[in-house]
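J.: To start, I am sharing the structure in question, which I have written as structure tokens.
The values are calculated or read from the model by the stated rules, or taken from the named source; none is laboratory data. What you are looking at is a predicted structure, and each value in this text was computed from that prediction instead of being measured. Counting neighbours? That spans all protein chains shown, and the Cβs are built from the backbone with ideal geometry, glycine included. SASA here: full protein model, heavy atoms, side chains in, ligands and nucleic acids out. Shrake-Rupley method; radii C 1.70, N 1.55, O 1.52, S 1.80 Å.
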Amino acid sequence: MMSGSNAKGSFPSRVSEWISSTYRFATDRNDFRRNLLVNLGLFAAGVWVARNLSDFDLMSPQPVT
Amino acid sequence: MMGSVLAAPPPPAASPAPLLPRGFGLLLFPPPPATGSRPQREAKNVLPNPGEFEQCHQKCKEVFPTQVNGVRLVLNKTLSKHFQVNHSLQLSSTEDSGYKFGTMFVGSGQAGPAEFYPVLVGDVDGSGSLNAQVIHQVTDRIRSKVAFQTHQQTFVTWKADAEFRGEDFTAAVAFTNPDVLDDSGVVVTHYLQSVTPTLAMGGQLVYQRRPGDEATFMSLVGRYTGSNFVGALTLGWAGVQASYYHRASDQLQLGVELEAGSFWQDSSVTFGYQLDVPKASLQFKGVISSNWVVGATLEKKLLPLPLSLVLCSFLNHQKNKFHCGFGVMIR
């Protein structure tokens, strides 16, 4: 019981630690290779977004609700 | 600046053809191979001219908004179908404020649908600093350009270049700040070859010489053009530049750019988009970059008045800086 509650209690802390470490990794600008890796991922994500935004029409009639 | 209504010179009302000199127009997608009376075998072997070397990443850069700081007022006056003048007044707390007078002369020679020659462009500010360019089509395939830039009474930049356009390649050489007495200068050579109707590859060689020092830089470039997208990549000793342009629809264009420099050990990604609503005479551009910069510009033609309104704002979260600008262009 105690080990199970400890496991449950530590799970949110591990998630928050993982999120914090990911944020530090993504925003650390002191390492050029790390920055380049993150920016390569951002570039790939930007290309994916650009290629999949095709159904965009500002002048289309609004749906009747 | 090429995509900005504020920067683009408007065509004169009396001219039957658009007054857009060569070098001020947009890069067009390569035309499809000719068909019809030509034999199929010959049509497959025809490669289009790849265009200019500097235009490889231009399609993507034109999507990004141009930052306008302070207040800018631009008045364009077309005096004839060959000559127009413009008055520009800028008031800003972050940049130099002042007045500029500019002129543009376009000759009668025509090299293409929207390419006229010779073209003389120049502007001078209140302190006497001059920017001038002369673009001339020497022959059907050779184009030359001479540019000067002065800061008051001192020449800052003087440059001459020549470009040769072959059937399926473009070669250019440029001399920047050549000084025989000081034994210094910069020589830049470009070569761009169409490998397939959609793929172009080329290179650039830069030779820089100063008293007691000389250096050479080389970079390679590749550009792939699809039906509605353009991808380009530049690899060099100084860094890497990759860009992707996508025309999602008639209204929406997107651009993504990656720049990584080995000199400054830094890299950045910029994502931008451009929304065109011709029915509303409106153009909106937005950008977000990995340097925590978010910006946008709104350009609106106030029809039927000959006015264009530009609103701009840029926010740098990292440096906690905010810049906004307002501009009016009178045609």
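J.: Pick out which of B:D213, B:D161, B:D125 has the largest mean-square fluctuation in a Gaussian network model of chain B, springs linking Cα atoms closer than 10 Å.
T.: Ranking B:D213, B:D161, B:D125 by mean-square fluctuation puts B:D213 first.
J.: With r as the distance between the Cβ atoms of B:Q193 and B:Q251 and R0 = 30 Å, compute the FRET efficiency 1/(1 + (r/R0)^6) and round to 0.05. Before the final figure, lay out each step's value.
T.: On the way: r = 34 Å, r/R0 = 1.15.
With a Förster radius of 30 Å, E is 0.30.
J.: Quick one: how many Å² of B:C312 are accessible to a 1.4 Å probe, rounded to 10?
T.: The value for B:C312 is about 10 Å².
J.: So what's the net charge close to B:R210: Lys and Arg +1, Asp and Glu -1, counting the other residues with Cβ under 13 Å from its Cβ?
T.: Combined, the nearby Lys, Arg, Asp and Glu give -4.
J.: Cα centroids of segment B:112-166 and segment B:64-88: how far apart, whole angstrom?
T.: 18 Å
J.: State, as an integer percentage, the relative contact order of segment B:281-331 based on alpha-carbon contacts under 8 Å between residues 6 or more apart.
T.: Taking the mean separation of contacting Cα pairs over the length of segment B:281-331, I get 29 percent.
J.: Using a 10 Å cut-off on Cβ to Cβ distances, tally the other chain neighbours for every residue of A:32-42 and report the average as a whole number.
T.: Partner Cβ neighbours, averaged per residue: 5.
J.: So, one more: Take the residue pairs B:K61/B:K321; B:K159/B:K319; B:K145/B:K301 and return only those whose Cα atoms are more than 31 Å apart. Numbers along the way, then the final one.
T.: Working: B:K61/B:K321 23 Å; B:K159/B:K319 36 Å; B:K145/B:K301 33 Å.
Beyond 31 Å: B:K159/B:K319; B:K145/B:K301.
J.: Calculate the all-directions average of the projected area of segment B:52-328's alpha-carbon convex hull, and give it in nm². Intermediate values should be presented prior to the final figure.
T.: On the way: hull surface 69.1 nm².
Across all orientations, segment B:52-328 yields a mean hull projection of 17.3 nm².
J.: Another question about this same structure. Hey, what did chain B get for relative contact order, percent, Cα under 8 Å, at least 6 apart?
T.: Answer for chain B is 14 percent.
J.: So for the pair B:F175, B:L79, with labels modelled 7 Å out along Cα→Cβ, what separation do we get in nm?
T.: Here the answer is 3.2 nm between the modelled labels.
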